[in-house]
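Notes follow the structure.
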């Protein structure tokens, strides 16, 4: 049976993909060593998700290893390589704030780990489709140069600008801007994925994501914007909004919609492609708008405050233009809006958090 090899398989996107690919008839081999717990603490651990995959998916094989460990990674490819039809590489250090703490860890996971995945795929499964979850942070703070207009609850790009209708497309330069160390390490990986497609003719694609989210997210302070916001709304944990008057805008794509995009590419692959991938104009919100939705869903005001200084390199306005992908794959459609996503997250957290906390989140007092 054809195999989908998924790194970061217990994470938000990896776990969604493992289930999706299994339902499509592929066997799934997952690679995940719960580094998210190392990055962000116990609350961000994905071990619960790993156990669910083992329990729920027939034939699921889990490999508890680090993508920086070339010897261990090679053994996986030696064992399964001839049957690997799809490689989905989602394993990463995902926070630009955390990257400053350990730059070497960030770079070796994001850049070196991706290079090893590409090279072993080339050696042992050269016909496989290789999909990489890149990030809009490869554009650094260049989006902040766009002409922006302040609205009541959000910033918006000037209506006459080409990006106003659909969002930011792939023509935006990644040069001459502040990326954050995380953005730089992911950009290095992104370029290698493109190069293996163009130079070696492999079927590769970079999906430059905005905010990837959904009920399977182990959100934490430094990563997982909507999930962590919902957790604070439910538990009453203080939440701080940094800069831009709380009107900074993000698009948010449900993990299912993203994985469905992966599947569309797998069915008709190309080489060395790059796609901006997010909620686009269909699913986006400002911080103020997200807080308002959370308050409506939980039935009580959030405990939030405002800090004047913005995070270094943070985007003021980001909405992905997904037109290129939609033109290449017209059967792909998004199913979940921001309100849909937050409702699912709140419901999921209500089941995962301690019962006493979940009752508070349900607006019982």
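Please treat every number below as a calculation from the coordinates, not as lab data. Since we're looking at a predicted model, the values are computed, not measured.
All alpha carbon pair distances within the stretch 224-287 were sorted into 5 Å bins beginning at 0; the resulting P(r) in whole percents reads 4, 13, 18, 19, 16, 12, 8, 6, 4, 1.
Determine the shape class of the stretch 141-254: with a ≥ b ≥ c the square roots of the Cα gyration tensor eigenvalues, call it rounded for a/c under 1.5, and otherwise prolate if a/b is greater than b/c, oblate otherwise.
oblate
Separation of the stretch 77-132 from the stretch 190-206 is 13 Å, based on Cα centroids. Here the contact order of the stretch 115-245, divided by its residue count and restricted to Cα pairs under 8 Å and six or more residues apart, works out to 29 percent. Rounded to the nearest 10 degrees, the angle from helix 181-200 to the longest Cα principal axis of the chain is 40 degrees. In units of the compact-protein estimate 2.2 N^0.38 Å, the stretch 57-162 shows a Cα radius of gyration of 1.49.
With no solvent and one equal point scatterer placed on each C-alpha of the stretch 52-109, evaluate the Debye formula and give log10 I(q)/I(0) for q = 0.17, 0.19, 0.28 Å⁻¹, two decimals. With one equal scatterer per Cα and no solvent, log10 I(q)/I(0) is -0.77, -0.89, -1.20. Working from the Cα coordinates of the stretch 266-315, the gyration tensor eigenvalues give, after taking √(5λ), semi-axes of 34, 18, 8 Å in decreasing order. The DSSP beta bridges internal to the chain are antiparallel in roughly 15% of cases.
Calculated translational diffusion coefficient of the stretch 211-340 (4 °C, 1.567 mPa s; Stokes-Einstein with Kirkwood radius over alpha-carbon pairs) equals 82 µm²/s.
Considering Cα pairs under 8 angstrom that are at least six residues apart, work out the relative contact order of the stretch 186-312 and quote it in whole percent.
37 percent
The Cα center of the stretch 134-154 and the Cα center of the stretch 233-277 differ in position by 15 Å.
Taken along its principal axes, the alpha carbon cloud of the chain reaches lengths of 55, 50, 41 Å, longest axis first.
Across the stretch 3-361, Cα pairs under 8 Å and at least six residues apart give a relative contact order of 18 percent.
With the helix formula -39500 (n - 2.57) applied to DSSP H stretches of n ≥ 4, the chain reaches a computed 222 nm mean residue ellipticity of -11500 deg cm²/dmol.
Between 0 and 90 degrees, the angle of helix 113-124 with respect to the longest Cα principal axis of the chain falls at about 30 degrees.
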